[in-house]
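J.: One structure follows; several queries about it will come next.
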Amino acid sequence: MIMFEAYDYFQNICNSLYATAGVYKFTRSTGLPYMEELLQNFKSETAFFTVDDTNDGMTIRGEGGGFFDRRQYVVFLIKKYKYNDMDAQHAVMEETRGIYRSIESKLLKDRVALANNMAFLHLDRMPYYEIPGYAFNGAGGLYFIITVDQPKDLQYDANEWCIGQ
């Protein structure tokens, strides 16, 4: 059972936030080394709102004794700018920082309202990292990480095992 649908949630943010709607192309990724959909659209688009939901996780025991899958999701905000133009680079960084701040406030609002199955969203720590230099041969920006725990049923089912196990 998946409670939090990262792609759906962040695509909705991308499409409804004034700063990104119609400007940033929503794409999916399986990690920073790959950025598949970003690279497929790099020639035709100038800005990207990319979500990676393929990070490693772990099973943890919660305070109440139940078990949870702890998963991390990485969101990239990347925009092209002209090479060797420090003013343009600065503008891209300020823009993506502002978008990140808006997303943080939306996450907080949704978490308090328990919207979008976000009851187990961790907002006590949301690291972000600015992408230095001239990444992807022509872009800059930042990425941030959110962590979500999802309840996990670990009841033993004898019917899943061969006789004698």
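The values are calculated or read from the model by the stated rules, or taken from the named source; none is laboratory data. Note that the coordinates shown come from a computational prediction; the quantities given were computed from them, not determined experimentally. Because the Cβ atoms are built from the backbone with ideal geometry, glycine has one as well, and the counts that use them run over all protein chains shown.
J.: With the checklist (1) touching a residue at least 60 places away in the same chain (Cβ under 8 Å); (2) of a type outside the set (A, V, I, L, M); (3) within 20 Å of Arg125 (Cα to Cα); (4) crowded, with 17+ Cβ neighbours inside 10 Å in hand, flag the one item Tyr100 doesn't pass.
T.: So Tyr100 meets the others, but not (1).
J.: Specify which of the listed residues (Thr59, Thr27) is under 18 Å from Pro151 (Cα atoms), among the polar types (S, T, N, Q) and outside any loop (DSSP other than H, G, I, E, B).
T.: Of the residues listed, the single one that is under 18 Å from Pro151 (Cα atoms), among the polar types (S, T, N, Q) and outside any loop (DSSP other than H, G, I, E, B) is Thr59.
J.: Also, I was wondering about something else. Can you tell me which residue is surrounded by the fewest Cβ atoms within 10 Å (Cβ to Cβ) among those in region 129-165 that are of a type in the set (Phe, Trp, Tyr) and free of Cβ contacts under 8 Å to residues at least 60 places away in the same chain?
T.: Among those that are of a type in the set (Phe, Trp, Tyr) and free of Cβ contacts under 8 Å to residues at least 60 places away in the same chain, it is Tyr156.
J.: Six or more apart or on different chains, Cβ under 7 Å: which pairs go from a residue in region 74-90 that's farther than 17 Å from Tyr129 by Cβ to one that's modelled with pLDDT under 95 and not in a loop (DSSP other than H, G, I, E, B)? Could you list them?
T.: What qualifies is Lys80/Ala139; Tyr81/Ala88; Tyr81/Gln89; Tyr81/Ala139; Tyr81/Gly140; Lys82/Ala88; Tyr83/Tyr134.
J.: Restricting attention to region 103-128, and to residues there that are within 16 Å of the chain's Cα centre (by Cα) and of a type in the set (A, V, I, L, M), which single residue is surrounded by the most Cβ atoms within 10 Å (Cβ to Cβ)?
T.: Filtering region 103-128 for residues that are within 16 Å of the chain's Cα centre (by Cα) and of a type in the set (A, V, I, L, M), the one surrounded by the most Cβ atoms within 10 Å (Cβ to Cβ) comes out as Ile103.
J.: Using beta carbons and a limit of 7 Å, which pairs, at least six apart or on different chains, have the first residue in region 22-36 and surrounded by 12 or more Cβ atoms within 10 Å (Cβ to Cβ) and the second one part of a loop (DSSP other than H, G, I, E, B) and not basic (Lys, Arg)?
T.: Short answer, once both residue conditions are applied: Lys25/Asn41; Lys25/Glu45; Thr27/Asn41; Ser29/Met35; Thr30/Thr54; Glu36/Thr30.
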